[in-house]
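Enquirer: Here it is, the structure in full.
The values are calculated or read from the model by the stated rules, or taken from the named source; none is laboratory data. Values in this document were obtained by computation on a predicted structure and should not be read as measured data. Because the Cβ atoms are built from the backbone with ideal geometry, glycine has one as well, and the counts that use them run over all protein chains shown.
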Amino acid sequence: MATKLVKNSNFTTSITSIMIQPRKFKRAGVFIFSVFMLAACSSGKYAATNKIYKDQASGFAEMVKATPPVNQTVATLDPSVQSWIGSVNFGIRRPNFVIIHHTAQDSLNQTVKTFINKKAGVSAHYVVGRDGKVVQMVNDYLRANHAGVGKWGNDSDLNSSSIGIELDNNGKEPFADAQLRSLVELLGALKKRYNIPTANFIGHSDIAPRRKIDPLNFPWKVLAKKGFGLWYDDVLKMPPVDFNAELALRVMGYDVSNLASATVAFKIHFVQTDISPVLTPTDKLILYNLYTKYL
């Protein structure tokens, strides 16, 4: 008896390959019919939005294939001095950050419904359920609408340079063990696939300190131990007397145009027990330790 794995974009099921004797034909036929009916129902549930996704992706593919590229000439230059010659040395642009969110909703299905609602206008590359189920909703190479207005370092368009992962969590409960296990596996695959630097696994609140607080009370230390994001050392050295906390936050990547908001974002990620906009002496020890890791 052998097992063949059959997949499509919406379901995965196993069909046991058997030698069907004539007397078992009817029973086997009913079984196979039931399996494919289940598959059809599963794929049909999101058939309409999957078609929209495919059509939009095809449109982007046609845009990239066009030669010369459409609307990419310099309007202020004479057309006679502009030409197109296709190089043979190019590839797909790859994501360089992973941004983790919590959904602030009550179920994975509710989040999926939000992300297939055109009016909502938001999405993420992946949604990870409380039970560990992982749903991919946007190709890694495409731009999902998850980051919104934000900044990290000199990057002010994080949607274009990052993968967004939404964790099914209402913001009030602990993150489930099964969910975190699946997240770690997903992050490991993404880090290896795209060679994403350890420091570039960050949270939504890190890049949008004036607007966001998610993922709230997230176990960043656990992730850092596995190579996803940085964390401070157990033994902390005193910073120099001229230590500049604002500079340290900026070097890490925080947008310090509103220093109080940047301070809160830092504390949401690394302190968690106190998220006031004032750095305590202990907070400064933590900040200095992390700052040295970014130099």
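Enquirer: How many of the residues making up region 165-198 are of a type in the set (A, V, I, L, M, F, W, C) and in a helix (DSSP H, G or I)?
Expert: Number satisfying all stated conditions: 8.
Enquirer: Filtering region 70-96 down to residues that are in contact with a helix residue (DSSP H, G or I) (Cβ under 8 Å, 6 or more places away or on another chain) and free of Cβ contacts under 8 Å to residues at least 24 places away in the same chain, which residue is nearest to LEU187 (Cα to Cα)?
Expert: Here the residue is VAL70.
Enquirer: Where the second residue is among the basic types (Lys, Arg) and the first is in the same structural domain as ARG210 (by TED's automatic domain parsing) and lies in region 267-278, which pairs have Cβ atoms under 7 Å and are six or more apart or on separate chains?
Expert: Hits for this filter: zero, empty list.
Enquirer: Kindly evaluate PHE228 against the criterion of being in contact (Cβ under 8 Å) with a residue 60 or more places away in the chain, assigned to a loop (DSSP other than H, G, I, E, B) and of a type outside the set (D, E, K, R).
Expert: Considered against the rule, which asks whether it is in contact (Cβ under 8 Å) with a residue 60 or more places away in the chain, assigned to a loop (DSSP other than H, G, I, E, B) and of a type outside the set (D, E, K, R), PHE228 comes out as yes.
Enquirer: Could you tell me which numbered condition LEU5 fails, if it satisfies all but one of (1) at pLDDT below 50; (2) surrounded by 10 or more Cβ atoms within 10 Å (Cβ to Cβ); (3) of a type outside the set (Ser, Thr, Tyr)?
Expert: (2)
Enquirer: On to the next question. Failed condition for ASP140, given (1) under 16 Å from the mean Cα position of the chain (by Cα); (2) of a type in the set (Asp, Glu); (3) over 25 Å from ALA61 (Cα atoms), with all others met?
Expert: All conditions pass for ASP140, except number (3).
Enquirer: Sort out which residues of region 128-161 are of a type in the set (A, V, I, L, M) and either under 11 Å from ILE207 (Cβ atoms) or without any contact (Cβ under 8 Å) to a residue 12 or more places away in the chain (or both), and write them in order of number.
Expert: Residues satisfying the conditions are ALA147, VAL149, LEU158.
Enquirer: Checking SER257 against (1) buried (at least 18 other Cβ atoms within 10 Å of the Cβ); (2) farther than 30 Å from ASP168 by Cα; (3) small (Gly, Ala, Ser), which single condition isn't satisfied?
Expert: (1)
Enquirer: If I ask for residues that are surrounded by fewer than 17 Cβ atoms within 10 Å (Cβ to Cβ) and in contact (Cβ under 8 Å) with a residue 40 or more places away in the chain, which ones from region 231-246 would you list?
Expert: ASP233, LEU236, LYS237, MET238, PHE243
Enquirer: Something else about it: Being among the basic types (Lys, Arg) and surrounded by 11 or more Cβ atoms within 10 Å (Cβ to Cβ) is the filter here; which residues of region 43-78 pass it?
Expert: LYS45, LYS54
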